[in-house]
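Colleague: Quick one: this structure, given as structure tokens, is what I'll be asking you about.
The values are calculated or read from the model by the stated rules, or taken from the named source; none is laboratory data. Not measured: the values here are computed from a predicted model. Here the Cβ positions follow ideal geometry from the backbone for every residue, glycine too, while neighbour counts run over all protein chains shown. Heavy atoms of the whole protein, side chains included, go into the accessibility calculation; ligands, DNA and RNA do not. Shrake-Rupley method; radii C 1.70, N 1.55, O 1.52, S 1.80 Å.
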Amino acid sequence: MKDVLLDPVLDVYSVYAIYGAMALYTLAFLTFVWQLSRLSSANKTLRKTAGQLEVAALSITVLAFLLHGAGVVMRGIAASRVPWANMYEFSISGSLVIVGIFLSAWFVKEIRVIAVLVTGFALLILGSATTLFYVQVKTLMPALQSYWLVIHVTVAVLATAFFNIAAALSVAYLLRSWGWLNQSNLSIAKLTKRVLSVFPESKKLEHLSYRFNVIGFMLWSFTLVAGAIWAERAWHRFWGWDTKEVWTFIIWTIYAGYLHATATRGWTGARAIWLSLIGFAAVIFNFTIVNLFFKGLHVYSGLK
Amino acid sequence: MSLQSNVSQGDEIRSPKLGLTGWARWIWSQVTSMRTALMLLLLLAVAAIPGSVFPQRSSDPNGVTSYFQNNPELAKNLDGFQLFDVYTSVWFSSIYVLLFISLVGCVVPRAAHHWHAMRGEPIETPRNLSRFPAHLTKASKRANVLDAIAQILRARRFRVRVTKTSVSAEKGYVRETGNLLFHISLLGVLVSIALGGATSFSGQRVLVEGETFVNNLVGYDSFSPGAWFDSKQLVPFSVKLNQFKATFDLRNKTNVGTPLDFEAFVSLREAPNTKSTDSLIRVNYPLEAPGANIFLTGNGYAPVLTFRDSDGNISFSGPVVYLPQDANYTSLGVIKVPDAHPEQFGVISFFYPTAAELKTGAFTSGYPAPVDPLLSMNVYVGNLGLDNGIPSNVFELSVHGLKQVAGGKSGTKPITLELGNSAELPNGLGTVTWDGLKRFASLDIDYNPMQIWILMFTVFAFFGLFISLLTPRRRIFARKTATGFELAGMSKNDDPKLLGLLEEIAGDLKVRKK
């Protein structure tokens, strides 16, 4: 790689676009919350207006997604490469993919209720990206100059996105089938229950989260294998128990356990769901704690 | 449990031998159960964690050394639990060995069962169809309704078994095939990795510009062969490093000094007395030599130095490899001069490609390319300990028992030297001249004959995984009732489309009627 001209000014615009997207996600999040509260309202006329709110919230989310996308693309042009070479870029690209997958799955009616979780999560990721992980545009270090960066990281982003949506569905499942909530007479519990009654049945949620986890698992397997192939080229060994490799393995093993659990008597339902949530906690741990505080070869956060 | 009690009931008097087999069978059935596999998988995940918390000898040997220096007591205890060698430890190995035993015990009978299932007919129609997860009843007056259903199912590529009163059909055998392929391929991967570990080798060599590496044991700085590797297998190729080029960014303000490219221009001679061909080795793009791949893993500077005693006799001359210490290539070099007069001395030296003086008077490097290169040297006199036959690290000078005569608290300033200049050494040790500046490349020479097998089994495992996770395996049953027929379906996993499928079949039946 020779003579790359970075464009810090365009990067500034990219950050503005991300800030704009954050504002819109906030708005979309609030509107979705409002819509849920209307949906669960005892008042019939109020319930009927929920549909309009949903359309409004969806439109705002689409706008946020477009602005978010513009921010990611500008970052890529500013750096003249794929925009996922450090933690900041991985966060903005990854959250874009999460929202993108969610929007493309909008036609699945049962999935719409997690809009609150998805927009909220996107906001959380972008917030930490801009405040904690931000670094100026940089060129790629020689070890990253490979087409495997496109393959390996794209698939890793996709896998994370699928795991993320599955996790949101799992949380919804656990709330839906929470015994205490169904029996309690506290007003807050009653309110939550009313909100949850809008959610799809727990069986449906379980099934949807299984589907997303299965796709996530296949993509994660691919990430692991593609990473090994790349590691052989870049670091002259396909597997060396580098901290990131260790955690990729741990995540793979937990989700493999989850898949076995769904086929094991006594482990289906809530237990398996908990297992997949532990898996997702490991995904988050791998992305944050391992990236920032563990020593290893995958030190691409760009933070000091 | 049930197995054991069966054995003890029937064979109480005979001999304890059978009781033992009973126990063995019970243990075996436990080991190969899904629940155990699940537990072992989760245990493996947990067991892998410490390897990311503590430095590992395999991936970070320096980290282990400094852990021992900082917490000697704790490190000793941790080492007792093999926490610096987690992935080769007894406890980690026993978990995955158990897991794979469980896997074999699970896969072999399943493969046999699947083999029979694939060649046989679908199972008999169960008695009570209304208990199935998907079930519907329809009215029909057709006499041959079961035949029609059988035809529809066949058209949908079900395997069908028809009796007088019922139909049993099954589809998606390939799900189990994929599942078995995945698990057997995992075994293949593990065996290939084990065989690869025994037949492979990995070696390192630091090569200064102009030097040649010949692929034999002497040519390596370090060499780690597998247990079955014979050094006679090394193909006598040679690689000469003609030039090493490092490009750093100078154009983008936010990015100054970031490496853009490392290029090792080499000549490869595949066998002695053959013509050499020019090649380029870059990070991510190794050179394929006969029987080995050559990787570029590091680089740095090698100042060419000449030491002369006070009579002008040369006691040391040549390039010295300086190891980079930071991103701007502040580098540390060690020179040992055992043949010096009047006494032996050693030098610990720093190299700054683009020297900048700090407020404290110390130097640092501001840019990784040699814009304004500078050397500083601390000199130690005394017995270097090279004559006692114990091999010592060429990159380290043990200053214990030596007397510092330049730099530090010696009272004399460290020697600083610019490229092309000479300087006087203290204590009448003579002079040092900096003749030139070369670069070096750290090369890794690797060979693993099993690698292609590992890849192949991985690809198979992948196919198996995809097939088994994406194909539904369904059983559909139909039975005549007084008023018409009933349909029931079951699936190997959660299958929300099953009821819809039954409706479709019933719908097809109506269409056929017309």
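Colleague: Any idea of A:His152's accessible area? Nearest 10 Å², probe 1.4 Å.
Modeller: Ignoring ligands and nucleic acids, A:His152 comes out at about 40 Å².
Colleague: Give the average over all directions of the projected area of the C-alpha convex hull of the range B:195-338, one decimal, in nm².
Modeller: 12.6
Colleague: Let me ask something else about it. Going by Cα centres, the range B:389-443 and the range A:68-121 are how many Å apart?
Modeller: Cα centroid of the range B:389-443 versus Cα centroid of the range A:68-121: 55 Å apart.
Colleague: What FRET efficiency would be calculated for the residue pair B:Asn393, B:Val108, taking the C-beta separation as r and a Förster radius of 41 Å, to the nearest 0.05?
Modeller: That pair, B:Asn393 with B:Val108, gives E of 0.20.
Colleague: Roll a 1.4 Å probe over the protein chains and send me the accessible area per residue for chain A in Å².
Modeller: 42
Colleague: How big is the A-B contact in terms of buried accessible area, both chains counted, 1.4 Å probe, rounded to the nearest 100 Å²?
Modeller: 5000
Colleague: Moving on to the next point. With every protein chain left in place, what is the accessible area per residue of the range B:441-496 in square angstrom, probe 1.4 Å?
Modeller: I get 44 Å² per residue for this part.
Colleague: When the Debye formula is applied to the Cα atoms of chain A, each taken as the same point scatterer, what base-10 log of I(q)/I(0) results at q = 0.10, 0.12 Å⁻¹?
Modeller: Debye curve over Cα of chain A, log10 I(q)/I(0) at q = 0.10, 0.12 Å⁻¹: -0.60, -0.84.
Colleague: Please list, in chain and number order, the residues 5+ apart from B:Phe363 or on another chain whose amide H is under 5 Å from its amide H, with Hs placed from the backbone.
Modeller: Placed amide hydrogens put B:Leu358 under 5 Å from B:Phe363.
Colleague: Tell me, how many Å apart are the Cα centres for the range A:148-183 and for the range A:251-304?
Modeller: The distance from the Cα centre of the range A:148-183 to that of the range A:251-304 comes to 11 Å.
Colleague: Something else: Which residues' amide hydrogens lie under 5 Å from the amide hydrogen of B:Gly298, considering only partners 5 or more residues apart or on another chain, with H built in the peptide plane?
Modeller: B:Ser442
Colleague: Using a Förster distance of 22 Å, how high is the FRET efficiency between A:Thr45 and A:Thr192, based on the Cβ-Cβ distance and rounded to 0.05?
Modeller: Approximately 0.45, to the nearest 0.05.
Colleague: Quick one: what Rg and Dmax do you get for the range B:256-407 from the alpha carbons, in Å?
Modeller: Using the Cα atoms of the range B:256-407, the pair Rg, Dmax is 19.1, 57 Å.
Colleague: Same structure, new question: Could you compute the FRET efficiency for B:Ser422 and B:Ser222, with r as their C-beta to C-beta distance and R0 at 45 Å, rounded to 0.05?
Modeller: E between B:Ser422 and B:Ser222, to the nearest 0.05, is 0.85.
Colleague: Viscosity 1.306 mPa s, temperature 10 °C: what is the translational diffusion coefficient of the range A:186-301 from Stokes-Einstein with a Kirkwood Rh over Cα pairs, rounded to a whole number of µm²/s?
Modeller: Stokes-Einstein gives a translational diffusion coefficient of 97 µm²/s.
Colleague: In the range A:261-286, which residues give up 10 Å² or more of accessible area once the other protein chains are added, compared with their chain alone (1.4 Å probe)?
Modeller: A:Ala263, A:Thr264, A:Arg265, A:Trp267, A:Leu275
Colleague: While we're here: Based on the alpha-carbon gyration tensor of chain B, what equivalent-ellipsoid semi-axes (square roots of 5 times the eigenvalues) come out, in whole Å, largest first?
Modeller: 73, 29, 22
Colleague: Note the direction-averaged projected area, equal to a quarter of the hull surface, for the Cα convex hull of the range A:1-140, in nm².
Modeller: Across all orientations, the range A:1-140 yields a mean hull projection of 8.5 nm².
Colleague: Full extension from B:Ser317 to B:Glu124: what is 0.36 nm times the residue separation minus their Cα-Cα distance, to one decimal in nm?
Modeller: Length gained, B:Ser317 through B:Glu124: 60.6 nm.
Colleague: If the limit is 32 Å between Cα atoms, which of A:Lys203/A:Lys244; A:Lys244/B:Lys76; A:Lys295/B:Lys240 go over it?
Modeller: A:Lys203/A:Lys244; A:Lys295/B:Lys240
Colleague: Per residue of chain B, what 222 nm ellipticity follows from adding -39500 (n - 2.57) for every DSSP H run with n ≥ 4, rounded to the nearest 500?
Modeller: -10500 deg cm²/dmol
Colleague: Sticking with this structure for a sec: From the Cα trace of the protein assembly as shown, what convex hull volume per residue do you get, rounded to a whole Å³?
Modeller: Expressed per residue, the convex hull around the Cα atoms of the protein assembly as shown is 267 Å³.
Colleague: Based on DSSP loop calls and a cut-off of at most 15 other Cβ atoms within 10 Å, the longest stretch of chain B free of exposed chymotrypsin sites (Phe, Trp or Tyr not before Pro) is what?
Modeller: B:229-394
Colleague: Right, here's the next one. Please report, as a whole percent, how much of the solvent-accessible surface of the protein assembly as shown comes from carbon and sulfur atoms (probe radius 1.4 Å).
Modeller: Whole-percent figure for carbon plus sulfur exposure: 61.
Colleague: Here is a further query. Taking the Cα centroid of the range B:158-228 and of the range A:1-30, what is the distance between the two, rounded to the nearest whole Å?
Modeller: Using only Cα atoms, the two centres lie 43 Å from each other.
Colleague: In whole angstrom, how long is each semi-axis of the equivalent ellipsoid of the range B:288-369, when you take the square root of 5 times every eigenvalue of its Cα gyration tensor and sort them from largest down?
Modeller: 28, 24, 9
Colleague: Once Rh for the range B:30-96 is found with the Kirkwood sum over Cα pairs, what is the Stokes-Einstein diffusion coefficient at 4 °C and 1.567 mPa s, in µm²/s?
Modeller: So the translational diffusion coefficient is about 100 µm²/s.
Colleague: How big is the Cα convex hull of the range B:127-223 in projection, averaged over all directions, in nm²?
Modeller: Taking the Cα atoms of the range B:127-223, their convex hull projects to 13.9 nm² on average.
Colleague: Around B:Val206, which amide H atoms from residues at least 5 apart in sequence, or from another chain, sit under 5 Å from its own amide H, with H modelled in the peptide plane?
Modeller: Residues meeting the criterion, in which the H sits 1.01 Å from N, are B:Asp221, B:Leu443.
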